[in-house]
Amino acid sequence: MSRYDVLIVGAGHAGAQAAIALRQNKFSGSIGLLGDEPELPYERPPLSKEYLAGDKSFERLLIRNAAFWQEREVTMLAGRSVVRVDPVGHSVTTMDGETIGYGSLIWAAGGKPRRLACAGATLSASTPFAPALMSTG
């Protein structure tokens, strides 16, 4: 089992900035940056605009290049999703069954929207309010 003094779950902007801030503030312990995407941390908003429009290369979207992370001894744990957190045992389990230990955990994974599963969930935003959909329980 690998172990990090600080494990950051979420390799987006927030997770990358957390790792950068730790090193800027002279944290000398081990840092693991775990994310479900196979790429290094990159800026999301320009991806949907400049990159897809062909105005910017993917390398220019990276928050920092690979050498930056290596020089600061931040271990990239790319392409991994956490499916279980054990706060008592100070470990996480990834989708492939790997267990990773930590001293401190920073959760920067964000979230994914969930669809409503109630009456009216499939109505469009332009559908007028329909009191018949309301129930008095």
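The values are calculated or read from the model by the stated rules, or taken from the named source; none is laboratory data. Computed from a predicted structure; not experimentally measured. Positions of Cβ are backbone-derived with ideal geometry, glycine not excepted, and every protein chain shown enters the neighbour counts.
In table form, for the structure just shown:
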{"read-out": "Given (1) at pLDDT 90 or above; (2) touching a helix residue (DSSP H, G or I) at 6+ places or on another chain (Cβ under 7 Å), index of the condition PRO41 fails", "value": "(1)"}
{"read-out": "Breaking point among (1) out of contact with any Lys or Arg (no Cβ under 6 Å at 6 or more places or on another chain); (2) at pLDDT below 95; (3) surrounded by 15 or more Cβ atoms within 10 Å (Cβ to Cβ), for VAL9", "value": "(2)"}
{"read-out": "Unmet criterion (only one of (1) of a type in the set (Lys, Arg); (2) touching a helix residue (DSSP H, G or I) at 6+ places or on another chain (Cβ under 9 Å); (3) at pLDDT 85 or above) for ARG60", "value": "(3)"}
{"read-out": "Residues located in segment 77-93, provided they are of a type in the set (Lys, Arg) and surrounded by 13 or more Cβ atoms within 10 Å (Cβ to Cβ)", "value": "ARG80"}
{"read-out": "Close pairs from segment 62-78: first more than 13 Å from GLN24 (Cα to Cα), partner among the acidic types (Asp, Glu), Cβ under 7 Å, at least 6 apart", "value": "ILE63/GLU43; ALA78/GLU37; ALA78/GLU39"}
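This table checks each residue for (1) surrounded by 11 or more Cβ atoms within 10 Å (Cβ to Cβ); (2) modelled with pLDDT under 95; (3) within 22 Å of ALA18 (Cβ to Cβ).
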residue: THR75; (1), (2), (3): yes, no, yes
residue: GLU98; (1), (2), (3): yes, no, yes
residue: GLY103; (1), (2), (3): yes, no, yes
residue: LEU116; (1), (2), (3): no, yes, no
residue: GLY120; (1), (2), (3): yes, yes, no
residue: SER124; (1), (2), (3): no, yes, no
residue: MET134; (1), (2), (3): no, yes, no
